[in-house]
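K.L.:
Have a look at this one before I ask anything.
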Amino acid sequence: MNESGDVVPVLPLFELSLKLHDPMINFVPSIDLTDEDNFVEDMTALIEDIFKMGEVMKRIDPEREGPDYFKDVKSDPTLAKITEEILSRVMLMREDAYEYIKEFDEYVHFWTDDRQEYLRQFLMFGGLLSQEELKRIAELKETPPTVPQFKEQIDQYDDRIKK
């Protein structure tokens, strides 16, 4: 709450977006540690930049060790613990994000299957052909779908959307 008693929303400092880049689902920024520019490295670099501010703060007392506070900041056990906690939370967030995208595995065919080919096969043969049937497609008799098959197909898509 602020001074006038209004509720102030808590907003995230960083945001990860889930994007569909055909045929993959990706996070922006990336959370894949093998990517050159990923969120974990960005956070590590941000923490290092904060520590490097100690180099900018010059010492006034000439009898103290070092020309600046960088060594003190870098060796402070409390700051080391905070750094470890932040990076640990980032790694937990990364694991949670990967768990979240597993929920979409059952829908992957929506963006990876060739829709035109599926529609062509459905209209010519009443359904998707198996690999064996595709090998002998010239021998197959065209059997356009019936109205119940259309209804069944539409119901399948509706059921998937409702889940």
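Read the figures in this text as sums done on the coordinates, not as results from a lab. Remember, it's a predicted structure, so these values are computed and weren't measured experimentally. Quick reminder, even Gly has a Cβ in these numbers, built from the backbone with ideal geometry, and neighbours come from all protein chains shown.
K.L.:
Taking the residues in segment 68-78 that are of a type outside the set (D, E, K, R) and surrounded by 12 or more Cβ atoms within 10 Å (Cβ to Cβ) as candidates, determine which candidate is nearest to Val90 (Cα to Cα). Break it down stepwise before answering.
P.N.:
The initial filter retains those residues of segment 68-78 that are of a type outside the set (D, E, K, R), namely 69-70, 73, 75, 77-78.
Now restrict to residues that are surrounded by 12 or more Cβ atoms within 10 Å (Cβ to Cβ): 69-70, 73.
On the way: Tyr69: 27, Phe70: 25, Val73: 22 Å.
Residue satisfying both the conditions and the ranking: Val73.
K.L.:
OK, next. From Glu55, Glu84, which residue is free of Cβ contacts under 8 Å to residues at least 24 places away in the same chain and exposed (fewer than 13 other Cβ atoms within 10 Å of the Cβ)?
P.N.:
Working: Glu55 fails: exposed (fewer than 13 other Cβ atoms within 10 Å of the Cβ).
Selected residue: Glu84, the only one of Glu55, Glu84 that is free of Cβ contacts under 8 Å to residues at least 24 places away in the same chain and exposed (fewer than 13 other Cβ atoms within 10 Å of the Cβ).
K.L.:
Which ones in segment 20-43 are surrounded by fewer than 16 Cβ atoms within 10 Å (Cβ to Cβ) and out of contact with any helix residue (DSSP H, G or I) (no Cβ under 7 Å at 6 or more places or on another chain)? It would help to see each step written out before you state the result.
P.N.:
Our first condition is that a residue be surrounded by fewer than 16 Cβ atoms within 10 Å (Cβ to Cβ); within segment 20-43, this holds for 20-24, 26, 28, 32-37, 41-42.
His21, Met24, Asn26, Val28, Asp32, Thr34, Asp35, Glu36, Asp37, Glu41, Asp42, listed by residue number.
K.L.:
Starting from residues that are within 30 Å of Ile101 (Cα to Cα) and of a type in the set (S, T, N, Q), keep the ones in segment 30-89 and report whichever is farthest from the chain's Cα centre (by Cα).
P.N.:
By that ranking, first place goes to Thr83.
K.L.:
Could you pull out the residue among Arg160, Arg136 that is closer than 24 Å to Glu106 by Cβ and of a type in the set (Lys, Arg)?
P.N.:
Values: Arg136 fails: closer than 24 Å to Glu106 by Cβ.
Result: Arg160 is the single residue among Arg160, Arg136 that is closer than 24 Å to Glu106 by Cβ and of a type in the set (Lys, Arg).
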